[in-house]
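Asks: Please read through the structure below; I'll follow up with questions.
The values are calculated or read from the model by the stated rules, or taken from the named source; none is laboratory data. In this text, all values refer to a predicted model and were calculated from it rather than measured experimentally. We place every Cβ from the backbone using ideal geometry, glycine too, and count neighbours over all the protein chains shown. Please note that ligands, DNA and RNA were not included when accessible areas were found on the heavy atoms of the full protein model with its side chains. Shrake-Rupley method; radii C 1.70, N 1.55, O 1.52, S 1.80 Å.
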Amino acid sequence: VGEVRTSFTGQPEVEASLRATLGEAYLGLGRLGPASEQIEEARRLHDATDRLDAAGLAALRLLEARLAQESNDFDRAVTASATAVRLLEEEPTAKLPRRLGALEVLTRSLLLSQRYAEADSVISLSEALATGLEGEDRIHRAEILSERADLLAFRDADAAAADSLSRLAYETALAIDPDSPYLGNYMN
């Protein structure tokens with residue numbers, strides 16, 4: 001971390017990318033303070049240079065959303081993830097799995113902020129988009145099932161239906177990728 005600023009003088013795009021990666025690593029370790037510092041610096045560098053493409057900016061916004069989720073700032077998480085979704089929708093080269101990943105972060109943000117009607121709409125959009133997935137990208141279908149299960153649990157307090165969908169998410173992920181890191185989430 002200490003060497004990033006001095007090692008990439010005159011290369012703000014590289015520094016921003018590295019800081020975003022460091023922020024993501026800190027976030028994965030649960031170290032929210034250092035994660036926030038790195039993500040904010042990446043954002044500052046981007047804003048100063050304004051040379052990051054829409055996909056890169058969307059990735060940064062999704063990282064901000066995940067940090068906001070972990071910090072219990074759910075309104076900020078919704079705003080950041082909705083911005084990422086919009087950026088990817090406007091990007092003609094954005095691949096469907098990347099768009100679905102952004103929709104997943106938005107859905108999680110909406111669920112955490114108890115905006116269930118909006119979450120339901122985003123899940124329905126994701127379900128419609130996911131019909132075109134092939135190969136390992138079908139793993140997004142398992143995540144969508146899990147989101148629907150969470151919606152049933154949180155909004156409707158329907159534990160039986162949520163459990164059924166969670167089991168289906170697990171079985172779907174298992175059939176697509178038996179080594180998927182998401183299997184534990186669906187079992188939980």
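Asks: Considering only protein heavy atoms and a 1.4 Å probe, what is the carbon-and-sulfur percentage of the accessible area of segment 62-121?
Replies: Roughly 45 percent of what the probe reaches on segment 62-121 is carbon or sulfur.
Asks: In nanometres, what is the gap between the two model label sites at Glu90 and Thr21, each 7 Å from Cα along Cα-to-Cβ?
Replies: According to this spin-label approximation, the distance is 2.8 nm.
Asks: How far apart, in nm, are two points set 7 Å out from the Cα along the Cα-to-Cβ line at Val14 and at Ala160?
Replies: Between Val14 and Ala160, the label points sit 6.1 nm apart.
Asks: If you stretched the chain out fully between Thr49 and Leu129, how much longer would it get, using 0.36 nm times the residue separation minus the C-alpha to C-alpha distance?
Replies: Difference between extended and current length: 25.4 nm.
Asks: Still on this structure, please answer the following. Under a Cβ-only charge scheme (Lys and Arg +1, Asp and Glu -1), can you give me the dipole magnitude of the chain about the Cα centre, in debye to the nearest 20? Can you show the working numbers first?
Replies: Numbers: 20 positive and 33 negative charges, 37 e Å.
Once rounded to the nearest 20, the dipole reads 180 debye.
Asks: Express the relative contact order of the chain as a whole percentage, based on alpha carbon pairs under 8 Å and six or more residues apart in sequence. Don't skip to the answer; put the middle values down first.
Replies: On the way: 232 pairs, mean separation 23.3, N = 188.
The normalised contact order for the chain reaches 12 percent.
Asks: Leaving out ligands and nucleic acids, and using a 1.4 Å probe, what accessible area per residue does the chain come to in Å²?
Replies: Heavy-atom accessible area per residue stands at 53 Å².
Asks: Another question, if that's okay. Whole percent per 5 Å bin, from 0 to the bin with the longest distance: what is P(r) over all C-alpha pairs of the chain?
Replies: 1, 8, 15, 17, 20, 16, 12, 6, 3, 1, 0, 0
Asks: Could you tell me what fraction of 2.2 N^0.38 Å the Cα radius of gyration of segment 57-125 comes to, as a two-decimal ratio?
Replies: Numbers: Rg = 11.0 Å, N = 69, 2.2 N^0.38 = 11.0 Å.
Normalised Rg, Cα atoms only: 1.00.
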